[in-house]
Amino acid sequence: MIDCDCVFDRPDLPVLGDDELLEHVERCGTCPKVHAGPGRVLLSRLRDSARNLRRAANRARQVERELTELRVDVDRSEQRIANLERVHKVSTREVLQKNALLAMISSITIAANEAHTETDVYRICMHKVCAASGWSLARLTPAIGGSSRWHVADRLAVEFIGLLVDGEPTALGLDALRHGKPVWAPDLRARLDAPWIERAAALGLRGGAALPVVVGGQVIAVVEFFGTAGEGTATALMLAMATIGAEIGRVLARLRADEAVAHARDAAEGASRAKSAFLASMSHELRTPLNAILGYADLVDEILEEEGADDVRGDIVRIRQAGEHLLGLINNILDLSKVEAGRMPVLNERFDLGALIRDTADLLKPLMDRRNNVACLDLAGDLADVETDPTLVRQILFNLISNASKFTHAGTITIAAARQTDPSGASWLQLSVADTGVGMTEEQCAQLFEPYRQVDPRLARRAGGTGLGLTLCRGLCTLLGGTIAVYSAPGRGSCFTVRLPLR
């Protein structure tokens with residue numbers, strides 16, 4: 001055996017690395033020391049290293065498999081994320097588009113409801129639809145005759161106006177008129193066969209839509225839109241346009257109904273004014289013969305009194321009473337007609353209001369005595385010099401006091417008057433007539449000032465009258481620039497309050 005620098009005799013054997021040891025073993029493979037003594041230690045170390053390497057290799061393969069599975073999971077997750085992002089983008093785009101369409105519908109609805117004419121409604125519709133959806137121009141054509149109306153949103157589309165026949169819808173518009181539903185054509189050349197199609201395409205007008213306007217189930221017009229809108233907007237846009245068409249139809253129906261109501265109201269007011277003017281002009285013809293009858297009744301009464309024919313005088317008194325009652329009714333009707341016709345004069349002058357109220361109460365004392373009523377006056381001390389129309393004030397008081405007397409039995413009628421000053425410094429006169437009579441409900445008070453309205457027909461038949469007195473009072477208060485109000489409760493009486501401005 002050849003002597004060598006045996007690795008097994010080296011003192012640094014324990015610290016040698018595996019690679020270096022393997023190199024010595026390969027060189028000294030026949031040396032007995034490899035198989036005995038320290039060699040066994042080396043082999044043991046090598047076996048341990050081999051086992052560790054196998055374990056490491058197994059772990060590495062396991063980790064590699066796990067990494068492969070993880071990569072697959074990551075790829076799948078990335079794919080899912082990408083799909084979700086695409087769905088999110090599409091959903092966001094659809095939501096934004098729908099929100100924009102809803103905003104357009106809301107804007108058109110609000111603006112159309114504020115419009116006063118059909119022309120304004122059409123103009124608003126065409127302008128806002130073009131502004132929100134990108135159409136270049138719009139055209140309104142009536143279903144039965146009439147000229148078209150245009151809205152141009154793009155100056156390049158001005159030339160297109162001259163290509164179409166005024167008052168005649170395109171085939172697109174005719175489809176909408178025929179079926180009563182919106183029509184969409186993303187490519188006009190594929191849908192229509194007309195000489196202007198190529199020129200329209202050259203101007204950038206490749207798409208079109210038609211919106212029918214339906215009122216009361218009948219198509220009255222069609223609005224056609226032309227532009228470059230994309231095909232992807234078809235479904236949402238058509239739904240929006242259908243909603244817009246229905247809303248415009250409702251607005252137009254309302255406008256037409258309002259117009260019909262206005263015409264009917266004007267006709268009724270004209271008839272009322274004519275009636276009032278007629279009655280006002282007939283006041284002399286109606287009052288003169290009745291006054292003559294009353295005058296002759298007084299003359300006959302005086303003659304019968306001189307002759308002592310008391311048994312016949314009772315009939316003359318009844319004629320006189322009936323004539324006075326009829327004259328009062330005629331006066332109320334004629335005065336109300338004058339107020340409605342604007343022919344009742346207002347003559348302001350200074351007078352003693354307290355004296356006027358006392359005179360009116362004394363004049364009506366026989367009526368109050370017949371019903372066993374007592375008058376109570378509550379007058380302020382500063383009423384000796386007021387300025388308004390004394391004739392109209394007397395008429396208001398007369399009607400209120402007589403009305404209170406008719407519906408009060410064995411009660412008290414309180415007549416109050418006072419000056420008032422509002423926060424602006426203006427001077428007002430407040431008159432009130434309160435009674436302790438039968439009273440009224442809130443529903444009866446609400447209809448109290450309507451002409452010919454009597455809240456309790458049974459009581460009205462006993463008390464008499466035509467139901468015009470309070471209506472006349474309200475008209476006279478309005479004529480003087482004031483107001484009249486009532487507070488009442490069943491069984492507790494009523495209180496009428498009049499407020500009139502003082503000059």
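How big is the equivalent ellipsoid of region 290-401 along its three axes, where each semi-axis is √(5λ) from the Cα gyration tensor, reported in whole Å from largest to smallest?
32, 20, 13
Order 370-382, 402-414 from most to least packed using the mean count of other Cβ atoms within 10 Å.
So the order, starting with the most tightly packed, is 402-414, 370-382.
Quickly rank 182-195, 303-316, 427-440 as a protection proxy: mean count of other C-beta atoms within 10 Å, highest first.
Peptide ranking by packing, descending: 427-440, 182-195, 303-316.
List, in the order given, every pair from Lys365/Lys406; Lys89/Lys181; Lys338/Lys406 whose Cα-Cα distance in the structure shown is over 22 Å.
Listed pairs above 22 Å: Lys89/Lys181; Lys338/Lys406.
Kirkwood Rh over alpha-carbon pairs of region 184-225, then Stokes-Einstein at 10 °C and 1.306 mPa s: what D in µm² s⁻¹, rounded to an integer?
Translational diffusion coefficient: 139 µm²/s.
With a 1.4 Å probe and every protein chain left in place, work out the accessible area per residue of region 163-211 in Å², rounded to a whole number.
50 Å²
Expressed as a whole percentage, what fraction of the accessible surface of region 297-339 belongs to carbon and sulfur atoms when a 1.4 Å probe is rolled over the protein heavy atoms?
53 percent
At 1.4 Å probe size, what's the solvent-accessible area of Ser77? Round to the nearest 10 Å².
Only protein atoms counted, so the area is about 50 Å².
Counting Lys +1, Arg +1, Asp -1, Glu -1, what net charge surrounds Ser77 among other residues with beta carbon under 13 Å of its beta carbon?
Local charge sum for Ser77: -2.
How large is the accessible surface per residue of region 287-337, computed with a 1.4 Å probe and reported in Å² as a whole number?
61 Å²
Can you tell me which of 328-337, 441-450 comes out highest on packing, and rank the rest after it, using the mean Cβ neighbours within 10 Å?
Averaged packing, sorted descending, gives the order 328-337, 441-450.
The values are calculated or read from the model by the stated rules, or taken from the named source; none is laboratory data. Just so it is clear, the model here is predicted, and its values are computed rather than measured. A quick note on method: Cβ atoms are made from the backbone with ideal geometry, for glycine too, and the neighbour counts reach across all protein chains shown. SASA here: full protein model, heavy atoms, side chains in, ligands and nucleic acids out. Shrake-Rupley method; radii C 1.70, N 1.55, O 1.52, S 1.80 Å.
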